[in-house]
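Worksheet: one structure, shown below.
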Amino acid sequence: MAFVTRQFIRSLSSSAALHAAIKHVTIIGGGLMGAGIAQVAASTGHSVVLVDTSEDILKKSAKGIESSLKRVAKKKFAEKPEDGEAFIQKILKNISTSTDAASVVQGTDLVVEAIVENLKVKQDLFGALDKAAPEHTIFASNTSSLPIADIASSTARLDRFGGLHFFNPVPMMKLVEDTPGFIVNRLLVPYMLEAVRLHERGHGSKEDIDVAMKLGAGYPMGPFELLDYVGLDTSKFIIDGWHEKDPDNPLFAPSPLLNKLVAEGKLGKKTGEGFYKHK
Ligand SMILES: CC(=O)CC(=O)SCCNC(=O)CCNC(=O)[C@H](O)C(C)(C)COP(=O)(O)OP(=O)(O)OC[C@H]1O[C@@H](n2cnc3c(N)ncnc32)[C@H](O)[C@@H]1OP(=O)(O)O
Ligand SMILES: NC(=O)C1=CN([C@@H]2O[C@H](COP(=O)(O)OP(=O)(O)OC[C@H]3O[C@@H](n4cnc5c(N)ncnc54)[C@H](O)[C@@H]3O)[C@@H](O)[C@H]2O)C=CC1
């Protein structure tokens with residue numbers, strides 16, 4: 001199965017058998033994606049532990065989850081706002097945080113990894129977790145571009161290892177791709193990089209290119225807005241990885257402007273500046 005819709009996942013997770021099997025979920029990485037995945041897993045009644053490398057990062061993740069839930073509740077309980085707070089608290093109660101992945105996975109049914117898009121770092125993490133997690137635990141990676149088999153090779157549970165590729169922002173996007181899909185990024189990432197190249201060649205300002213794609217193609221965000229939303233570091237990791245594997249493919253050619261912004265620490269919305277400045 002190349003991809004599944006979130007509705008399908010929801011119907012799966014509400015089926016009695018699967019719910020019985022997967023009760024406790026560990027999400028590793030509390031950034032843009034991990035926080036969103038923790039939120040949807042907690043919203044479907046799972047007991048969730050969100051893991052990252054520091055308490056400060058986890059505090060930021062928790063704040064992000066709460067503000068996203070407020071947006072969901074505002075819509076869901078427009079007629080009865082007093083029920084919205086109870087809804088938020090009920091979901092938040094399903095989430096705890098930790099900086100100790102190895103001890104958390106000792107009691108978990110599913111691990112979803114959403115850390116940096118780097119094969120070696122992901123392999124090291126899963127190699128360590130493989131030793132700590134019980135035999136029945138299923139491992140999944142939210143990788144944007146790396147082959148699942150390469151990540152899984154650091155473990156001895158190849159039959160319980162999969163790709164679970166969510167989209168940003170997780171609470172709103174209804175698709176989850178399964179290995180060996182990666183349809184969306186194979187089209188979307190070269191498109192975004194092509195927009196940067198168009199701008200690098202002086203054929204349009206980033207503002208004009210964004211407006212053109214929003215008004216002319218009906219996209220909710222222009223390519224530069226979307227690059228900032230995804231994260232310039234993550235976008236660079238994806239394109240660099242593909243370029244290394246297929247250096248002659250012009251679609252995967254690195255972009256000097258993207259590289260410059262990443263080197264300057266301008267990673268997009270998450271750092272307050274990327275192609276644009278963000279509040
Ligand atoms: C790199 C990879 O591996 C793969 C990827 O993920 S690539 C990235 C894929 N994602 C995209 O392409 C996103 C494109 N952008 C969009 O779809 C939209 O701009 C968006 C859904 C993010 C925001 O929508 P918008 O209309 O532009 O802005 P906004 O009015 O703020 O939001 C629309 C609704 O979504 C809600 N919303 C947006 N983000 C939310 C979040 N994180 N949590 C909860 N609700 C959210 C808002 O509350 C708002 O609700 P109402 O309709 O009730 O007002
Ligand atoms: N940003 C996006 O739009 C999307 C990203 N992805 C993928 O999801 C993964 C995460 O991406 P983002 O959430 O955007 O990145 P991010 O940079 O927002 O968050 C990554 C988090 O992982 C933490 N981390 C790094 N190494 C860790 C470790 N060893 N143990 C625990 N935590 C660790 C970092 O501290 C950080 O908080 C990447 O593989 C990315 O390719 C997938 C879909 C969309």
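Ordered from longest to shortest, the equivalent ellipsoid semi-axes for the range 216-266 are 20, 16, 9 Å, each the square root of 5 times a Cα gyration tensor eigenvalue. Considering the chain, its Cα convex hull presents a mean projected area of 15.8 nm². Computed from Cα atoms, the angle from the helix 206-217 axis to the main principal axis of the chain rounds to 70 degrees. Rolling a 1.4 angstrom probe over the chain with all protein chains present gives an accessible area of which 60% lies on carbon and sulfur atoms. For the chain, the residue among HIS165, PHE126, PRO81 whose Cα projects farthest onto the positive side of the dipole built from Cβ charges is PRO81.
Using only Cα coordinates, the Kirkwood hydrodynamic radius of the range 10-133 works out to 15.1 Å.
Taking every DSSP beta bridge that has both ends in the range 59-189, the antiparallel portion is near 10%.
All C-alpha pair distances within the range 163-203, sorted into 5 Å bins from zero, spread as 6, 21, 19, 19, 14, 10, 9, 3 percent across the bins.
Over the chain, Cα pairs under 8 Å with separation of 6+ residues give a relative contact order of 17 percent. Its residue count N sets the reference 2.2 N^0.38 Å, and the alpha-carbon radius of gyration of the range 89-198 equals 1.20 times that reference.
Highest average first, the peptides 147-155, 34-42 ordered by how many other beta carbon atoms sit within 10 Å of their residues are 34-42, 147-155. On a 0 to 90 degree scale, rounded to 10, what angle separates helix 55-76 from the longest Cα axis of the chain? On a 0 to 90 degree scale, this one is about 90. Percent of Cα-Cα pairs more than 16 Å apart in the range 116-159, please. Looking at the range 116-159, the distances longer than 16 Å represent 28 percent of pairs. For the range 61-182, the per residue solvent-accessible surface stands at 51 Å², with DNA, RNA and ligands left out and a 1.4 Å probe.
Computed over protein heavy atoms with a 1.4 Å probe, the accessible surface of the range 195-279 works out to 55 Å² per residue.
Of the residues GLU85, GLU113, GLU264, the one that moves most in a GNM of the chain with alpha-carbon contacts below 10 Å is GLU264.
What angle, in degrees between 0 and 90 and rounded to the nearest 10, separates the Cα long axis of helix 119-132 from the longest principal axis of the Cα atoms of the chain? Roughly 0 degrees, rounded to the nearest 10. Each eigenvalue of the Cα gyration tensor of the range 88-149, multiplied by 5 and square-rooted, gives one semi-axis; in descending order these are 22, 16, 11 Å.
Label positions at ASP83 and VAL211, each projected 7 Å from the Cα along the C-beta direction, are separated by 4.4 nm.
The values are calculated or read from the model by the stated rules, or taken from the named source; none is laboratory data. Note that the coordinates shown come from a computational prediction; the quantities given were computed from them, not determined experimentally. So basically every Cβ, Gly included, is an ideal-geometry build from the backbone, and we count neighbours across all protein chains shown. Remember, those area values only see protein heavy atoms, side chains included, never the ligands or the DNA or RNA. Shrake-Rupley method; radii C 1.70, N 1.55, O 1.52, S 1.80 Å.
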